[in-house]
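One structure below.
The values are calculated or read from the model by the stated rules, or taken from the named source; none is laboratory data. Since we're looking at a predicted model, the values are computed, not measured. Here the Cβ is made from the backbone with ideal geometry for all residues, glycine too, and neighbour counts use every protein chain on show. These area figures cover heavy atoms from the full protein model, side chains too; ligands, DNA and RNA do not enter into them. Shrake-Rupley method; radii C 1.70, N 1.55, O 1.52, S 1.80 Å.
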Amino acid sequence: MKVRFCVARGLLLAVLALLALPMNSAAVELRVQSDTLLRVFERDTTSGTDNLVTPGYEYLQVDMGSLSEAGLSFHAYGWGRYDFADNDFYQDADAGELLYGYLEYKRENANLNIRLGRQYIFEGVANESVDGLRLSSDLSENISASIYAGQPVGLDSTSGRSGDSIYGGRVALHKMSLGEVGLSYKNIQNDSDTAEEMAGVDIALYLPKGINFFGNSSYNLDSNGFAEHSYEFSIPYENFRFRPFFQMFNYADYFATGANSVNPFRVLATGDEEISIYGIDLSWLKSEAWTFVGKFKYYDYDQADGNQYYGLAATWHPGEATDLGGEVGYLNGDLSKNTYLLTRLFATVDQLGDKLWLDFLTGDIVYASYDQDIYGEDYSLFVSLGTGKTFLDGRLRVKLSGDYSQDPYFDDDLRGLLSLTYNYDHGL
Amino acid sequence: MKKIFSPLAVLIICLAVLAACSTMNNSFQLPNNHPSPDDLGEQPKVCTNCHDARGDIPFERFVHGPTWGENHRQAAYQGERVCALCHQTSFCNDCHATRVELKPSLRHQTDNVRRMPHRGDYLSRHRIDGRVDPTSCFRCHGNPKAAATCVTCHG
């Protein structure tokens, strides 16, 4: 209780400190983006078969304050859904989530950045949504640091938020044109039990001849073992780029995230399995228009037999208005049930305004063939068609798409989606 | 109390040190935003067409090649503020968020060029991909709220 009081008092002080920060004379701007989606499809529910389901979604983003220059600003983004048919497809007809909502202060020197409120943190071992405070800054020309503390949003569905906390940070040493080394730490408590305690190191080295080396390792301090090693090279040669990579995950340390462990991962953490993934990506930018990609992955396990993945992709982009592409992937599993062939073709033709009333057309076909039947079917076919048009000098974009799927779960599934995106951008 | 007080004390000290140090250095300062396509007169596509590959910021690392969608994790974890020049967090939240009901390829059905994950009938394919490499699922579905989509079948 005292700890919660301390945190609450700390956050209150932080709010007051944030409000007291020097404001510059930058104009206050307001940007709003609204995405309204209406979906239509049929499902069997507890109240009947082939029931029409018509969920409407609203994704709303608001950015306000000093957006073009350093200073104080506010950012919020979230979504809500209501099922107009309300025929028991969803547990509740309405649902929603505030994905972020924070005050931010940026200062013009030292890259100082302070955020207070709900925010997503990507850095080092952190990939978390947090209700709290984050501060980052350069400490010198070659050293930067960040720290954060608050409550983890991902755990609020497990016995409420009492006893939940998260804190951590990252220190990085970077030398222009040589590379960067970062050390990071994260501690998450769920209902006063340790949910996760991880430490990590991340590295980037910029080597001669344009060769780069990137990677990270994370150590689970709760289970005392390395959870992950991921390392890769990026090697350019004329119009080619090679990316050999290696990854290793120890299931007991990677999935054993203490009190926040969830199925289906909880059961994996109880085994002794370890996966090592060796592979290479090859990109060939043949010309401005043509790009080719090759991919190979070998999955090696401590206990199970290995699997291999082979992939090829090509895209054609002759100008701003057209994109055509295709890809083939083959997963050669150790068992028949782990083997499939995946093919995809897609096309987008944009800037049609001079020829048609519509602005763009899109099409997509995805076909998967399974070595072993899934619910008596050995393939999936997915076809999608879309179109759209902009109005109000580009501020309003209307898109309509439909897709059809024939697969192990659905004999014939037809779905529709209407999407309206509205942008408002104004100085106050 | 002692166990939790210590991290709080460390946090407060770190905050104070960070705030103090940030007033004293004059390291390379990133702008708030990248100029918009309207300002530039064209849609920027390749960072190194205008920026040094290895200057104050190693922009070659952020060039969105054809496999960028699958391989941007390392760059994002180390260079989030470079990403933020062009992308707001809402862009990342299409895939990375605590609770996303619509998979990204469905929400952006017509943006097929972006090669977003789980396109098509992923309900069937996830049975295989999940067996072959469950770590790839865990990054986005690893906490109780994000796993809500898994719980319906996996308990």
The condition of being in contact with a strand residue (DSSP E or B) (Cβ under 7 Å, 6 or more places away or on another chain) and surrounded by 18 or more Cβ atoms within 10 Å (Cβ to Cβ) holds, among B:VAL82, B:VAL132, only for B:VAL132
Criterion: in contact with an Asp or Glu (Cβ under 7 Å, 6 or more places away or on another chain), open to solvent by 60 Å² or more (accessible area, probe 1.4 Å) and at pLDDT below 85 - qualifying residue of B:PHE28, B:PHE5: B:PHE28
Does A:LEU67 satisfy the condition of being in a strand (DSSP E or B), among the hydrophobic types (A, V, I, L, M, F, W, C) and open to solvent by 10 Å² or more (accessible area, probe 1.4 Å)? no
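Here's the yes/no breakdown for (1) of a type in the set (Phe, Trp, Tyr); (2) assigned by TED's automatic domain parsing to the domain that holds A:ASN51; (3) out of contact with any helix residue (DSSP H, G or I) (no Cβ under 9 Å at 6 or more places or on another chain):
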site: A:TRP357; (1), (2), (3): yes, no, yes
site: A:THR362; (1), (2), (3): no, no, no
site: A:ILE365; (1), (2), (3): no, no, yes
site: A:GLY376; (1), (2), (3): no, no, yes
site: A:LYS389; (1), (2), (3): no, no, yes
site: A:ARG395; (1), (2), (3): no, no, yes
site: A:LEU400; (1), (2), (3): no, no, yes
site: A:ASP403; (1), (2), (3): no, no, no
site: A:ASP407; (1), (2), (3): no, no, no
Only unsatisfied item for A:SER177, checking (1) touching a strand residue (DSSP E or B) at 6+ places or on another chain (Cβ under 8 Å); (2) assigned to a loop (DSSP other than H, G, I, E, B); (3) farther than 26 Å from A:ASN111 by Cα; (4) not hydrophobic (A, V, I, L, M, F, W, C), is (3)
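This table checks each residue for (1) part of a loop (DSSP other than H, G, I, E, B); (2) small (Gly, Ala, Ser); (3) over 30 Å from A:ASP253 (Cα atoms); (4) more than 7 Å from every other protein chain (Cβ to nearest Cβ).
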| site | (1), (2), (3), (4) |
| --- | --- |
| A:ASP88 | yes, no, yes, yes |
| A:GLN91 | yes, no, yes, yes |
| A:LEU98 | no, no, yes, yes |
| A:GLY101 | no, yes, yes, yes |
| A:ALA110 | yes, yes, yes, no |
| A:ILE114 | no, no, yes, yes |
| A:GLY117 | no, yes, yes, yes |
| A:ASP131 | no, no, no, yes |
| A:LEU135 | no, no, no, no |
For the range A:84-100, enumerate the residues that are open to solvent by less than 20 Å² (accessible area, probe 1.4 Å) and among the small types (Gly, Ala, Ser). A:ALA93
Scanning the range A:137-156 residue by residue, those open to solvent by less than 10 Å² (accessible area, probe 1.4 Å), farther than 23 Å from A:SER177 by Cα and within 7 Å of chain B (Cβ to nearest Cβ) turn out to be A:VAL153, A:GLY154, A:LEU155
Could you please find all residues in the range B:35-92 being part of a helix (DSSP H, G or I), of a type in the set (Gly, Ala, Ser) and more than 8 Å from chain A (Cβ to nearest Cβ)? B:GLY69
How many of the residues making up the range B:39-70 are in contact with a helix residue (DSSP H, G or I) (Cβ under 6 Å, 6 or more places away or on another chain) and polar (S, T, N, Q)? 2
Check the range A:257-275 and report whether any residue there is among the hydrophobic types (A, V, I, L, M, F, W, C), part of a strand (DSSP E or B) and away from chain B (no Cβ under 11 Å). no
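A quick yes/no check of all residues on (1) basic (Lys, Arg); (2) modelled with pLDDT of 90 or more; (3) farther than 30 Å from A:VAL171 by Cβ; (4) not assigned by the TED database to the domain that holds B:LYS145:
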| residue | (1), (2), (3), (4) |
| --- | --- |
| B:ASN49 | no, no, yes, yes |
| B:ASP56 | no, no, no, yes |
| B:ARG61 | yes, no, no, yes |
| B:PRO66 | no, no, yes, yes |
| B:GLY79 | no, no, no, yes |
Condition check: more than 11 Å from every other protein chain (Cβ to nearest Cβ), open to solvent by 30 Å² or more (accessible area, probe 1.4 Å), under 23 Å from B:HIS118 (Cβ atoms) and without any contact (Cβ under 8 Å) to a residue 12 or more places away in the chain. Does A:ASP393 satisfy that? no
Tally the residues that are open to solvent by 10 Å² or more (accessible area, probe 1.4 Å) and within 17 Å of B:THR149 (Cα to Cα), restricting the search to the range B:98-119. 10
Out of all the residues in the range A:398-414, which are closer than 14 Å to A:VAL366 by Cβ, in a strand (DSSP E or B) and either open to solvent by 50 Å² or more (accessible area, probe 1.4 Å) or not hydroxyl-bearing (Ser, Thr, Tyr) (or both)? A:ASP403, A:TYR404, A:GLN406, A:ASP413
